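Take a look at the structure set out below.
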Amino acid sequence: MSNLIIAIDGPSASGKSTVSRKVAERLGYIHVDSGAIYRALTWQIINDGLTGASPEAIVRHLSSVSMRFSVENLVVLFTINDVDPGTAIRSLPVQEQVSAVAAIPEVRGWVGEHLRSLTPLGNLVVEGRDIGTVVFPEAALKFYLDADPEERARRRYREQQDFAGGKTNPDEVRRALLRRDAYDQLRSTAPLAMAPGACRIETTHLSIEDVVTQILSIIRSSPGYRLPKAIEQDGFRPLVYHISRVFFLCYLWIFHRYETHGLKHVPREGGCILVSNHASYLDPIAVCCNIWNRHVYFLARDTLFKQSRFMEWWAVAVGTLPIDRTKGDIRALKGAIRLVRQGNMIFIFPEGTRTRDGRLQPVKAGIGFLIEKAGVPVIPAYVRGTFEAFPRDARRIKHCKITTYFGKPVTPADCSVFKGDPERHQKIADLVMSRIAALDPANSSL
């Protein structure tokens, strides 16, 4: 099955970048900013002394420009001639030149080829000006965002203020934006236009969240939309999972007066990692069995698969991925990362093993590595009562009340503050454990 593409087009400052990024994050798709490629190429041309050069000279120069792509936190990143231009691609000089560069037919073909080369990476949300009309006319769903020119000028001015340290002239920004509109709409090659079949959304008086909600509603209601199933191993049985979940849920209700709080924090879709304290064998069912709207996959120690033939069959049937805790199991970690990047939820115990005294245990950096590489929200949970009901080495289960608390997600942005820190994986792991600890009613006002 080929990867899905969602195209989001529109003029400058119509909200494409923020909206498309949030839509991709909610769906667990990879975000691609096509405009960044045009701006990076323009930045390179300026740096190479070709400002104001003829189209012929720029076309000849394309053979000396190379781009390398990577995916981090579900976002396509790139270098141009082995350099990361960073925020420089959004400077005013680049903004003033990029329309002229982008109007050159050979440049548009060059960028289009690079965009199409990204399709093997996974499901994409691609933003631009000709994505639905030229680059991906076969896109599964197409959207066109627009807004009043004055409102778009105000948005672009606020953006430029951030990059220019408050030294930007609002009239100059407005004139540059209107010039860009004229270039985009009047160029002979791939002019800015709404693709046939695209859904137009007027964003002037809408918040970002309003627009995102509209787009996601349309996507979810489309005939071809399906939530992804990333585990394709032999023996996986979703029906077994759902039957098991209902059975365990009834058991918890009857024998442990089971309750959950904060389920609103668990996303209905999109890649995410669910993490919890680990006090008992009852923890997995206490955390997961009341999540009705999606399948939760598990990362569990490989010895679980060796206890009996039935346990091996059942573990695979409900979607459990084995991990060897005696060594750094890179294969298992890559499988978990692939799982969440395809839009699924996986459940992990950061502590690795059950506590012996009911207290939270120190967490290792491995979970921080997984979280950074996955680049998806992390949902903390705290389970109360399982240690009293069935602690380590106990021979029978006591009828104690069990309650699970879910907290606000730890976002990729929360983790990005540690970027470049050699101890970042441990700090991310510690951050996640602190969020879990904060959910304990003994430590909060819940």
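The values are calculated or read from the model by the stated rules, or taken from the named source; none is laboratory data. Please read these numbers as outputs of a predicted model, since none were measured by experiment. Neighbour counts are summed over all protein chains in view; Cβ atoms, including those assigned to glycine, are modelled from backbone coordinates with ideal geometry.
Determine, yes or no, whether residue 219 is in a helix (DSSP H, G or I), modelled with pLDDT of 90 or more and under 26 Å from the mean Cα position of the chain (by Cα).
no
Is it the case that residue 267 is part of a loop (DSSP other than H, G, I, E, B) and either touching a residue at least 40 places away in the same chain (Cβ under 8 Å) or not assigned by TED's automatic domain parsing to the domain that holds residue 370 (or both)?
It is true that residue 267 is part of a loop (DSSP other than H, G, I, E, B) and either touching a residue at least 40 places away in the same chain (Cβ under 8 Å) or not assigned by TED's automatic domain parsing to the domain that holds residue 370 (or both).
So that you can scan it fast, the table gives a plain yes or no per residue for (1) closer than 24 Å to residue 341 by Cα; (2) in contact with a Gly (Cβ under 9 Å, 6 or more places away or on another chain):
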position	(1), (2)
125	yes, no
145	no, yes
169	no, no
180	no, no
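Limited to segment 320-358, what total is found for residues that are free of Cβ contacts under 8 Å to residues at least 40 places away in the same chain, among the small types (Gly, Ala, Ser) and assigned to a loop (DSSP other than H, G, I, E, B)?
1
Regarding segment 209-216, can at least one residue be identified that is within 30 Å of the chain's Cα centre (by Cα), in the same structural domain as residue 145 (by TED's automatic domain parsing) and assigned to a loop (DSSP other than H, G, I, E, B)?
no
Do you know which residues across segment 270-319 are under 20 Å from residue 333 (Cβ atoms), modelled with pLDDT under 90 and part of a helix (DSSP H, G or I)?
Hits for segment 270-319 are 302, 303, 304, 305, 315, 316.
Looking at segment 184-205, which of its residues are buried (at least 19 other Cβ atoms within 10 Å of the Cβ) and closer than 14 Å to residue 14 by Cβ?
Listed by number, the residues that qualify are 184, 192, 198, 201, 203.
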